[in-house]
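The values are calculated or read from the model by the stated rules, or taken from the named source; none is laboratory data. Bear in mind that the values here come from a model prediction, so they are computed numbers and not experimental data. Glycine gets a Cβ as well: all are built from the backbone with ideal geometry, and neighbour counts include every protein chain shown. Keep in mind that these areas ignore ligands, DNA and RNA; they rest on the heavy atoms of the full protein, side chains included. Shrake-Rupley method; radii C 1.70, N 1.55, O 1.52, S 1.80 Å.
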Amino acid sequence: MNIRRRTALAAAAALTLAAAWPGAAFAQKKIVLGFSQIGAESEWRTANTESVKAAAKDAGIELKFADAQQKQENQIKAIRSFIAQKVDVIAFSPVVESGFETVLREAKAAKIPVILTDRAVNTKDDSLYVTFMGSDFLEEGRKAGHWLVDKMKDQKGEVNIVELQGTVGSAPAIDRKKGFEEVIKADPRFKVIRSQTGDFTRAKGKEVMEAFLKAEGKKINVLYAHNDDMAIGAIQAIEEAGLKPGKDIIIVSIDAVKGAFEAMIAGKLNVTVECSPLLGPQLMQAVKDLMAGKSLPKRIVTEESIFPMEVAAKEFPKRKY
Ligand code: GYE
């Protein structure tokens, strides 16, 4: 019997034994997953990181975790290092949509499957990743728009909106803007009078809202923030300007993190559209399925809801992030 055949037989025997006695000395080698996280820019992101780490632990998957501090170059470096370390699977949440093709090709050439979590890339070659799991950001933007249109239905006159966009070039910023516009453009009373990025952070959200207030003052009827953190930062700016957030300015945001529920209970935020960061368990399941040779759907969409201020106190105790 040649060596290759003998090795194959031994491996098959080890697998059978490992299946019969999980945890026995023959136990299979741990799956190694390289995960490149965007950063720690928001409450959402922190919850996402915790979910991924906890789920890897529960699944017995060895996680190599890299934080890119919101920089694409760091993500590319991390992915290259995962390729060099020959991890079994790479997963990452791309900070922006474009510019990842080269490194994705390198992973493909090294035969390491890539799973996109949370954010998408805008490549035409979808053979560069196995699946994309995460929310439908367009739909989130639409939900925010529909809520606002309904809220304002009895109001006369113009509805002047200021918009705090997420990270420039990121999938959630692009799609949340688009989905919202799609809905509000049906009514000419709705106007986005200022729109600028707050990079998904509280500090930037506050800073940009201060500038909006300086420029437009009491003209502002509505703030649409692409995430709760920026809305929370903006709430501070609005209060410091002597106005009442949630009353003088209606505030619509996205994520539904605990901080948003606290703001809603305090009457300062009117509504938040849910975007779940708890992607860890389904990511680990996908990694295991892949390693077991199963094929995955190209798109796995997270199911989500919307929470207006009126239900905040009742929902708060049930929130997991
Ligand atoms: O909404 C925001 C975070 O990509 C969906 O990133 C995510 C977004 C989330 O920083 O809070």
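Values as computed for the structure displayed
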{"item": "Subset of the range 129-151 [more than 30 Å from residue 187 (Cα to Cα), touching a Lys or Arg at 6+ places or on another chain (Cβ under 7 Å) and within 16 Å of the ligand (Cβ to nearest atom)]", "result": "132, 134"}
{"item": "Wholly within the range 211-318, strands (runs of 3 or more DSSP E) carrying at least 2 residues that are open to solvent by less than 60 Å² (accessible area, probe 1.4 Å) and of a type outside the set (Gly, Ala, Ser)", "result": "222-225, 250-255, 271-274, 306-308"}
{"item": "Complete set of residues in the range 235-259 that are closer than 16 Å to residue 218 by Cα and either within 16 Å of the ligand (Cβ to nearest atom) or at pLDDT below 95 (or both)", "result": "235, 251"}
{"item": "Residues satisfying the stated conditions in the range 157-184, i.e. in a strand (DSSP E or B) and more than 15 Å from the ligand (Cβ to nearest atom)", "result": "159, 160, 161, 162"}
{"item": "For residue 157: the one exception among (1) open to solvent by 10 Å² or more (accessible area, probe 1.4 Å); (2) within 30 Å of residue 106 (Cα to Cα); (3) among the small types (Gly, Ala, Ser)", "result": "(2)"}
{"item": "Residues (open to solvent by 50 Å² or more (accessible area, probe 1.4 Å), within 16 Å of residue 253 (Cα to Cα) and among the acidic types (Asp, Glu)) located in the range 195-210", "result": "none"}
{"item": "Residues satisfying the stated conditions in the range 111-128, i.e. among the hydroxyl-bearing types (Ser, Thr, Tyr) and within 16 Å of the ligand (Cβ to nearest atom)", "result": "117"}
{"item": "From the options 168, 183, residue that is modelled with pLDDT of 95 or more, farther than 22 Å from residue 233 by Cβ and of a type in the set (A, V, I, L, M)", "result": "183"}
